[in-house]
Amino acid sequence: MIAQGTLQCFGLMIKKTEKLGELIQKESLLSDIDKAISEFMR
């Protein structure tokens, strides 16, 4: 439940930074987020 809320928050952050043209390495960021959530869920 906490992880889902965190993912939603990151999703909003990614959309906002893309809209502002400030997101440089989206795939790297998504990978890091995925790894962090996986580690958190252990």
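Readers should treat all values here as calculations from the given coordinates under stated rules, not as data from a laboratory. No experiment lies behind these values; they were computed from the predicted model shown. Every residue, glycine among them, receives a Cβ derived from its backbone with ideal geometry; neighbour counts consider all protein chains shown.
Given the conditions (1) surrounded by 11 or more Cβ atoms within 10 Å (Cβ to Cβ); (2) free of Cβ contacts under 8 Å to residues at least 12 places away in the same chain, and given that ILE33 satisfies all but one, which numbered condition is not satisfied?
Only one criterion is unmet by ILE33, namely (2).
Which of the residues belonging to the range 1-20 are surrounded by 10 or more Cβ atoms within 10 Å (Cβ to Cβ) and of a type in the set (Val, Ile, Thr)?
THR6, ILE14, THR17
What about LEU23, is it of a type outside the set (Gly, Ala, Ser), surrounded by 12 or more Cβ atoms within 10 Å (Cβ to Cβ) and not in a helix (DSSP H, G or I)? Working first, answer last.
Working: of a type outside the set (Gly, Ala, Ser): yes; surrounded by 12 or more Cβ atoms within 10 Å (Cβ to Cβ): yes; not in a helix (DSSP H, G or I): yes.
So LEU23 fits the description; yes.
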